[in-house]
Amino acid sequence: MIGYVIGDSDMLTGFRLVGVEGIEVSSLDETQKALNDALNRTDIAVLIVSDVFSSEPSIREKIDKTRLEHTTPLIVEMPPSRGQSNRPDLSSIISKILHVTVR
């Protein structure tokens, strides 16, 4: 079982540095296709999705339905590496998890 990332170029680069593969997306259509393809795979245990598009109704519905009906993959939504998000930024999340200050 593997991890897989659906996100922007910076997010993908960061995860690739630690050995996690994925696909770069920049539009709603690309995200829908990537999400459907990833959910049809049986080898993905953890699916990391940039929350840039996850608030879109069609993506949100697919994620919520998958979380309710299946135990795998575990779907984790991450804020984008840059730009606006309605969630805390990645530095804040890391700081809380590790109890350290990230600058």
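Just give me the residues in the range 1-40 being modelled with pLDDT under 90 and under 18 Å from Thr72 (Cα atoms), in sequence order. Within the range 1-40, Met1 is the sole residue that qualifies.
Count of the range 23-53 residues, restricted to those that are of a type outside the set (A, V, I, L, M) and surrounded by 21 or more Cβ atoms within 10 Å (Cβ to Cβ), is 3.
Among the residues making up the range 55-77, a single one is in contact with a Leu (Cβ under 9 Å, 6 or more places away or on another chain), within 18 Å of Asp8 (Cβ to Cβ) and not β-branched (Val, Ile, Thr): Glu56. Checking each residue in the range 13-70 for being among the polar types (S, T, N, Q), under 19 Å from Gly3 (Cα atoms) and part of a helix (DSSP H, G or I) picks out Thr13, Thr31, Gln32, Asn36, Asn40, Ser54, Thr66. Testing Pro80 on (1) surrounded by 18 or more Cβ atoms within 10 Å (Cβ to Cβ); (2) part of a helix (DSSP H, G or I); (3) modelled with pLDDT under 95, one condition comes back false. Which one is that? Unmet for Pro80, out of (1) surrounded by 18 or more Cβ atoms within 10 Å (Cβ to Cβ); (2) part of a helix (DSSP H, G or I); (3) modelled with pLDDT under 95: (2). Taking the range 1-27 as the range and being free of Cβ contacts under 8 Å to residues at least 40 places away in the same chain and not polar (S, T, N, Q) as the test, the residues that pass are Leu12, Phe15, Arg16, Leu17, Val18, Gly19, Val20, Glu21, Gly22, Ile23, Glu24, Val25. Within the range 28-82, the set of residues being free of Cβ contacts under 8 Å to residues at least 24 places away in the same chain, of a type in the set (S, T, N, Q) and farther than 27 Å from Ser92 by Cβ comprises Asn40, Thr42, Thr71.
The values are calculated or read from the model by the stated rules, or taken from the named source; none is laboratory data. Remember, predicted model here, so these are calculated numbers, not experimental data. Quick reminder, even Gly has a Cβ in these numbers, built from the backbone with ideal geometry, and neighbours come from all protein chains shown.
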